[in-house]
Amino acid sequence: MSMTNTLDRKQLLSRMVVTVFAILLLLTPTLINAEDKPVTQATLLDRILIEDMIVKYYVDMSAGKSHDLALYYTEDAVLDVNGVIAKGRNEIEKMYTGLGDSGESAFSGKMHMLLNNAIINVDGNTATAWVIWTGVINEDIKKPPRFLEQGREFDELVKINGRWYITKRYITADSGAEMWMNTYKPRTFR
């Protein structure tokens, strides 16, 4: 066998290895995000309904309105806020009312929750939603707004009689978590 033939085969083998490696790299994001479902005409309305429900939940909460938890949670839902867990609507309600034990607000002014980067996957009558939330406070009309807290939320949802409800909600703070320091641990759902 000639030296040229040996070099050609080595070059060919080398190129094949590089090509296979490149193909694997291109496929990796697809394999990693295999749980993400594409939005289709059939799932688009459900995705909008889920996102609207989550936004309304935070709008009511930011306005200081009491939640009718039956509009958002199943009877046996689980809420996990930085490792503090409430099971069922009654415990979830107690968790929310317990956050303001002193009866005084921790801040003055108006609080808004911004929801960004929603990733919502609908699969028939079940779904998951992942969002980044940011608490912004407007203390005075003359002052600029300031960030109060930020974190992530991962929800598992179920559709019952055409309406979406939360079965599990995991809230993880990434900042502004002083009140959760004893239970906080970094975690991710993406």
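General observations
- Qualifying residue in the stretch 80-88 (condition: out of contact with any Gly (no Cβ under 9 Å at 6 or more places or on another chain), in the same structural domain as GLN150 (by TED's automatic domain parsing), farther than 23 Å from LYS110 by Cβ and of a type in the set (D, E, K, R)): yes
- Only one of GLY98, GLY135 that is in the same structural domain as TYR57 (by TED's automatic domain parsing), loosely packed, with under 12 Cβ neighbours inside 10 Å and within 22 Å of LEU69 (Cα to Cα): GLY98
- Number of positions in the stretch 164-186 that are without any contact (Cβ under 8 Å) to a residue 24 or more places away in the chain and part of a strand (DSSP E or B): 0
- For LYS142, the conditions (1) assigned to a strand (DSSP E or B); (2) surrounded by fewer than 16 Cβ atoms within 10 Å (Cβ to Cβ) are fulfilled apart from (1).
The values are calculated or read from the model by the stated rules, or taken from the named source; none is laboratory data. Computed from a predicted model, the values in this text were never measured in an experiment. Heads up, the Cβs are rebuilt from the backbone with ideal geometry, glycines too, and the neighbour counts pull from every protein chain shown.
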